[in-house]
1. In whole percent, and with a 1.4 Å probe on the protein chains, what portion of the accessible area of the chain is carbon and sulfur?
2. Net charge near Ile61, counting Lys/Arg +1 and Asp/Glu -1 over other residues with Cβ under 15 Å of its Cβ?
3. Given points 7 Å out from each Cα along the Cα-Cβ axis, report the Gln147 to Leu129 separation in nanometres with one decimal.
4. Looking at the chain as a GNM with Cα springs under 10 Å, which of Met89, Met27, Met155 has the largest mean-square fluctuation?
5. Per residue, how many Å² of accessible area does the chain show with a 1.4 Å probe?
6. Give me the lysines in straight-line cross-link reach of Lys88: C-alpha distance below 22 Å, same-chain residues under 8 apart excluded.
7. Which one of Leu50, Leu84, Leu154 has the biggest mean-square fluctuation once the chain is modelled by GNM with Cα springs under 10 Å?
8. Excluding residues on the same chain fewer than 8 positions from Lys161, give the lysines whose Cα lies under 19 Å from its Cα.
Amino acid sequence: EGKSLISSNLAVAIAMELNQTVLLVDMDLRNPTIASYFDLNPKAGIKEYLEGDMPLSSVLINPGIKRLVILPGLGRSEDSAELLSSPKMASLVSDIKSQYDSRIIIFDLPPILQTDDVLLSAGYFDSTLLVLEDGKNSEADIKKALQLLEGCHLMGTVLNKSENPPTHQSY
């Protein structure tokens, strides 16, 4: 779908605003990719933070872009559902939401229909952006995803990787 690339680009674009700071959290614990988009080699990530006893500051990384901080993922977690529904995860989200008034937090999640991770963590988010790959999802899959997101504030949808540009635009 390109959800991690969309999350990364959105985070960079918002960080370019002078009055916003952004925290990009790689919550795809089964297949974290955010660090690779920024060419980062983290020593620890969100999984290690949730499993261990380390300060949050030890896993946060500034990728060299002003006003952008990344909480990367590192390695694959087979117990992602347990980690995301843990009290430590709830505490982490509460802490990062309360640290800065002007901070936007973007959570990059796994595909909604492949795991229950999105549903387990849906209560952490103020709004949701659904990313779809053109031609990849059936109408039934899209309806199922929208049903699963009922009760969430759906901000919008991104149709990604389209080979057919809209015909209503002149450029």
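1. 51 percent
2. 0
3. If labels sit at Gln147 and Leu129, their model points lie 2.7 nm apart.
4. Met155
5. 57 Å²
6. The reachable lysines, counting only those whose Cα sits under 22 Å from Lys88, are Lys43, Lys47, Lys97.
7. Of Leu50, Leu84, Leu154, the Gaussian network model singles out Leu154 as fluctuating most.
8. Once the sequence-local lysines are set aside, what remains near Lys161 is Lys3, Lys136.
The values are calculated or read from the model by the stated rules, or taken from the named source; none is laboratory data. Values in this document were obtained by computation on a predicted structure and should not be read as measured data. Neighbour counts run over all protein chains shown; Cβ positions are idealised from the backbone, glycine included. The protein model used for the area step is the full one, side chains on, heavy atoms only, and it has no ligands, DNA or RNA in it. Shrake-Rupley method; radii C 1.70, N 1.55, O 1.52, S 1.80 Å.
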